[in-house]
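Everything on this sheet refers to the single structure shown next.
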Amino acid sequence: MRFLSCSSLLVLAAGCVPLGTPIITGTAPGTSAQQAAPEYYADKALRYADYVYSPDVKSVQCYVATGAQTEVFQPPVVPLGQAQGIVLEFDVLGAQTQRLTARLVHCDLGWQPSVLTDMQFLNDINEFLLTDYRTGVGGKVPYYHYRLPVPKVKISGNYLLVVQGPGGVPLLSRRLLVYENQVQVGLRPGIVAGGAERYTRQQLDFVINYAGANLVNPAAEVKVVLRQNYRWDNARYNLAPTFVRDAEQRLDYQYFNLENTFPGLSEYRFFDTRSLQAPGLAVQSIDLKANPVQVKLALEVTRNGLAYNQYVDTNGQRVFESREYGDGRSNADYADVTFQLAAPSPAPGPVYVLGALTDWQLKDEFRLTYDEAAGRYTGHALLKQGYYNYSFAVAGAGGTADETYFEDTHNQTENQYDLLVYYRPPGTRTDLLIGYQQTGFNSRQ
């Protein structure tokens, strides 16, 4: 399947800037990604988050099957009862297929398992055998590609989809959202009430109209979550309404202390490995004789202190495709991709590559190593052919990711935002997702 046309590629190429930003992780200095990677996968305890539990599981995508060319960029968020369902796709490295099953876990607002039984949110037995799989063909790295349409549920809220291997060992988990339109949500870009922050941050103001819903004590019981580019790692929680208009049955959220702001950052860096016969955008060289194929990306530089540069990106996402053999699901090969970031001195913490390719986590296998003699960070990871967005991040206190150190931040950057509205009716045992809204900031359309 071809997700990006040639004309789309020309648009992406317009106004492009040097690609590649280092990402910092918590691995000890001088430790290679290959040495550190097993530590990440050693703990098989289920996490109620987007997570991969095996180094053999690669290229996970979870999206709404709209049938559009860009459907893989749609977050796994659907209204209750929608005909278009959520689809999960991923690869498992190796020459033999496995018997894989999946199940759904209903979760509360804080992403902990709810007390509901399976029959209260499902019409089916809560074990789904993955029977739709294909053998990877045409590449040097053997793998199987799996696809699972997620069964529909009966109530709104948070769900965790868990794929399990033999013995019930988790292989991957993904967060899904199912919402109702019980309330009307108004989400719009605002103006940052500050000095220098107005040039670096983006503010989202919103209102919730609950005239059509029978809510008890909405000012205290309605909970909201605000996300940037559908990420959970930097989402805003515990935002209380600034104005409660009982007569109009409306909650207003307009802050003045940056509670509802995000760093605008910069447009994401990118590279194109859809063809392994000739270097694509931001690719310096390709070694076809190596097994797996080795791809070295162009040397990236810091963007801190540079003016904003506008170009089209995919907000940190990626798409898999092979220009040589067609369907990227099972015909795209894997390549050992080397990242390079110029840095005259070390960053104040470990540096990592960050994006959808890392599940927005500071993963050990995407940690970069600093070479003082060369004055650069380098690191490599096994990635499927495709078009990728990413950024470089520095690990901060508590495992937070600081993208501004190498990427800078600008109010002019294009980003997507969405708002989740939760409510637990009195006497019930679960949090319902009663409202949802998306909006673009500096949208180019």
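Odds and ends about this structure:
- Candidates in the stretch 235-254 are the residues that are surrounded by fewer than 17 Cβ atoms within 10 Å (Cβ to Cβ) and in contact with a Ser or Thr (Cβ under 8 Å, 6 or more places away or on another chain); of these, the one that is nearest to residue 356 (Cα to Cα) is 254.
- Conditions (1) part of a helix (DSSP H, G or I); (2) modelled with pLDDT of 50 or more; (3) farther than 27 Å from residue 402 by Cβ; number of the one not met by residue 67: (1)
- If you go through the stretch 152-166 and keep only what is crowded, with 21+ Cβ neighbours inside 10 Å, of a type outside the set (Val, Ile, Thr) and assigned to a strand (DSSP E or B), you end up with 157, 158, 159, 160, 161.
- Qualifying position, being more than 26 Å from residue 230 (Cβ to Cβ), in contact (Cβ under 8 Å) with a residue 60 or more places away in the chain, small (Gly, Ala, Ser) and touching a strand residue (DSSP E or B) at 6+ places or on another chain (Cβ under 8 Å), among 136, 190: 136
- Residues of the stretch 114-125 include none that is part of a strand (DSSP E or B) and in contact (Cβ under 8 Å) with a residue 12 or more places away in the chain.
- Conditions (1) closer than 30 Å to residue 326 by Cα; (2) surrounded by 17 or more Cβ atoms within 10 Å (Cβ to Cβ); (3) not acidic (Asp, Glu): number failed by residue 202: (1)
- Looking across 322, 285, 275, 345, one residue alone is surrounded by 20 or more Cβ atoms within 10 Å (Cβ to Cβ) and polar (S, T, N, Q). It is 322.
- The lone exception for residue 109 - which of (1) closer than 29 Å to residue 318 by Cβ; (2) modelled with pLDDT of 95 or more; (3) buried (at least 18 other Cβ atoms within 10 Å of the Cβ) it fails: (1)
- Only one of the listed residues (87, 72) is part of a strand (DSSP E or B) and in contact with a Phe, Trp or Tyr (Cβ under 7 Å, 6 or more places away or on another chain). That residue is 87.
- Pairing residues of the stretch 347-371 that are under 17 Å from residue 75 (Cβ atoms) and in a loop (DSSP other than H, G, I, E, B) with residues that are at pLDDT 95 or above and among the basic types (Lys, Arg), at Cβ distances under 7 Å and at least 6 apart in sequence or on separate chains, gives 360/231.
The values are calculated or read from the model by the stated rules, or taken from the named source; none is laboratory data. Quick caveat, the model's predicted, so the values are computed rather than measured. Backbone-built Cβ (ideal geometry, glycine too); neighbour counts: all protein chains shown.
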